[in-house]
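Engineer: To start, I am sharing the structure in question, which I have written as structure tokens.
The values are calculated or read from the model by the stated rules, or taken from the named source; none is laboratory data. Fair warning: this is a prediction, and the values are worked out from it, not measured in the lab. To get the accessible areas, we keep the full protein, side chains included, count just its heavy atoms, and leave off ligands, DNA and RNA. Shrake-Rupley method; radii C 1.70, N 1.55, O 1.52, S 1.80 Å.
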Amino acid sequence: KEKGFCEDITEGKMSFLVIHSVRSSVNSNQLLSTGAELVALPARKLVISDILKKKTTDHDVLQYAVDCIRRTGSFEYTLNFLVEVEARARRMIDELGGSQMLMSFLDRLATVYRPAASASAASAADGN
């Protein structure tokens with residue numbers, strides 16, 4: 001089954017991405033905006049736990065959460081983390097004598113994030 005837009009947030013899950021964003025935000029558990037730019041949102045600061053508890057499907061609220069996560073650099077952090085873990089796993093496999101089956105498994109897993117990691121690296125190289 002393919003996941004929908006912000007499904008983890010809609011389900012109230014504290015994913016790796018959300019945890020990093022919360023820890024990286026200025027006020028620990030507040031998402032960096034008043035929310036005033038969105039009519040559907042209250043004029044006070046929204047807390048990630050509020051959004052997760054609501055299990056909302058409201059597209060504006062979900063987009064607000066994505067924008068906040070983007071501002072904390074959590075998408076880039078997660079991609080970099082995945083690339084680093086993959087590299088460590090490949091080194092460990094090599095150090096333990098190698099395994100084509102495990103390397104192929106890592107290749108298949110990496111197809112989930114590698115295009116995004118390549119695009120992110122290209123964007124950084126272009127100064128964007």
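Engineer: Could you sort L109, L52 by accessible area so the largest value comes first, with the probe set to 1.4 Å? Don't skip to the end; give the middle numbers.
Structural biologist: Working: L109 85, L52 10 Å².
Highest to lowest solvent-accessible surface, that is L109, L52.
Engineer: Additional query: Protein chains only, probe 1.4 Å: how do Y64, Y113 rank by accessible area, largest first? Present the calculation step by step, with values, prior to reporting the outcome.
Structural biologist: Values: Y64 5, Y113 25 Å².
From most exposed to least exposed: Y113, Y64.
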